[in-house]
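K.L.:
The structure is given below, and queries will be raised subsequently.
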Amino acid sequence: MTMTIEDNIASVMGRIATACERANRNLDEVTLVAVSKKKPVRDILQALDAGLTHFGENRVEESSEKIPQVTQQSSQRPTWHFIGHIQSRKAKNVVPYFDVVESIDRMKIARKLSQLAGEHDKTLSVLVEINISGESAKYGFEAFNWRKDPAIKDALWQSMRDILALPHLNVCGLMTMAPFYDNMEATRPVFAGLADLRDALQQDFEIELPDLSMGMTNDFPVAIEEGATIVRIGRAIFGERNT
Ligand SMILES: *Cc1c(COP(=O)(O)O)cnc(C)c1O
């Protein structure tokens, strides 16, 4: 039996509900972002018809082609999340299409997006991407071992202070990607670490950082148990990507 996108969505929603029950959390605390990168507009339209309202894309060129097509072909207006690394010169094509940028991974792009949002007379909702696992291939602000390494903590706190001071960004929380492990249980310390960092930042800066975007196809149930408010799921909804 081949599974349709609609079947896949039902299955993912079921697993999200089960994880929420295990963690004693309400289902409405978790937003499912369907990651449609490398997938055609037709798949996005199917997911919209199945009731999904949040979509994630990670490439500027690809999304600036697909999003206008979705807008043209559907009466529904999903919330678009940008989840990829942004080169500065491409930032101008992010602000008009996206409601949330989850991947603020360096100061330069934070400043650029704030400036561009200002030019569009808007405030952009953003998440600060954190490299909590210390993997060298990961983007994001370095946070590995921040509780034990004052230099890491000072640099991170300074970046946070600078980002919070930018006038056209609304900082809603943190985002991370866990390393890939065969056993999803191995990702738990990464997700717990992001939640712990969020709590410390909230306390020290006396702000609310409600969102924790963590968990993908391989590991979202554990992320939900550790407090994820946004899960970013691609393959479990749309199938494997051709790379
Ligand atoms: C591709 C991607 C996802 C989704 O990954 P799946 O394994 O397909 O669920 C989530 N977050 C980011 C940042 C991604 O690039």
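Readers should treat all values here as calculations from the given coordinates under stated rules, not as data from a laboratory. Please read all numbers here as calculations on a predicted model, not as lab measurements. Note that each Cβ is placed from the backbone with ideal geometry, even for glycine, and that neighbours are counted across all protein chains shown.
K.L.:
Percent relative contact order of segment 111-196, based on C-alpha pairs within less than 8 angstrom and at least six residues apart?
P.N.:
34 percent
K.L.:
Relative contact order for segment 5-238: what percent, with Cα pairs under 8 Å and sequence separation of 6 or more?
P.N.:
Once normalised by length, the contact order is 21 percent.
K.L.:
Tally Lys and Arg at +1 and Asp and Glu at -1 over the other residues with C-beta under 15 Å from the C-beta of THR243: what net charge comes out?
P.N.:
+4
K.L.:
How charged is the neighbourhood of PHE220? Take every other residue with its Cβ under 9 Å from the Cβ of PHE220, and add Lys/Arg as +1 and Asp/Glu as -1.
P.N.:
Computed value for this residue: +1.
K.L.:
Using modelled backbone amide H atoms (1.01 Å from N, in-plane), which distant-in-sequence or interchain residues come within less than 5 Å of ILE104's amide H?
P.N.:
LEU127, GLU129
K.L.:
Ok, one more. What is the extension gain from PHE144 to ASN26, computed as 0.36 nm multiplied by their sequence separation minus the C-alpha to C-alpha distance, in nm to one decimal?
P.N.:
Extra length from PHE144 to ASN26 when fully extended: 39.5 nm.
K.L.:
Going by average Cβ neighbours within 10 Å, how do the peptides 130-140, 98-108 rank, with the highest at the top?
P.N.:
Answer by packing, highest mean first, reads 98-108, 130-140.
K.L.:
Among the listed pairs LYS66/LYS92; LYS38/LYS90; LYS122/LYS153; LYS38/LYS122, give every one whose C-alpha distance is greater than 24 Å.
P.N.:
LYS122/LYS153; LYS38/LYS122
K.L.:
Under a Cβ-Cβ cut-off of 12 Å, what is the net charge of the residues other than MET184 that fall near it, where Lys and Arg count +1 and Asp and Glu count -1?
P.N.:
-3
K.L.:
Step through the residues of segment 43-53 one at a time and calculate ³J(HN,Hα) from phi using the Karplus curve (6.51 cos²θ - 1.76 cosθ + 1.60, θ = phi - 60°), rounding each to whole Hz and writing x for Gly and Pro.
P.N.:
Using θ = phi - 60°, the values come out as 5, 5, 4, 5, 5, 4, 5, 7, x, 6, 10 Hz.
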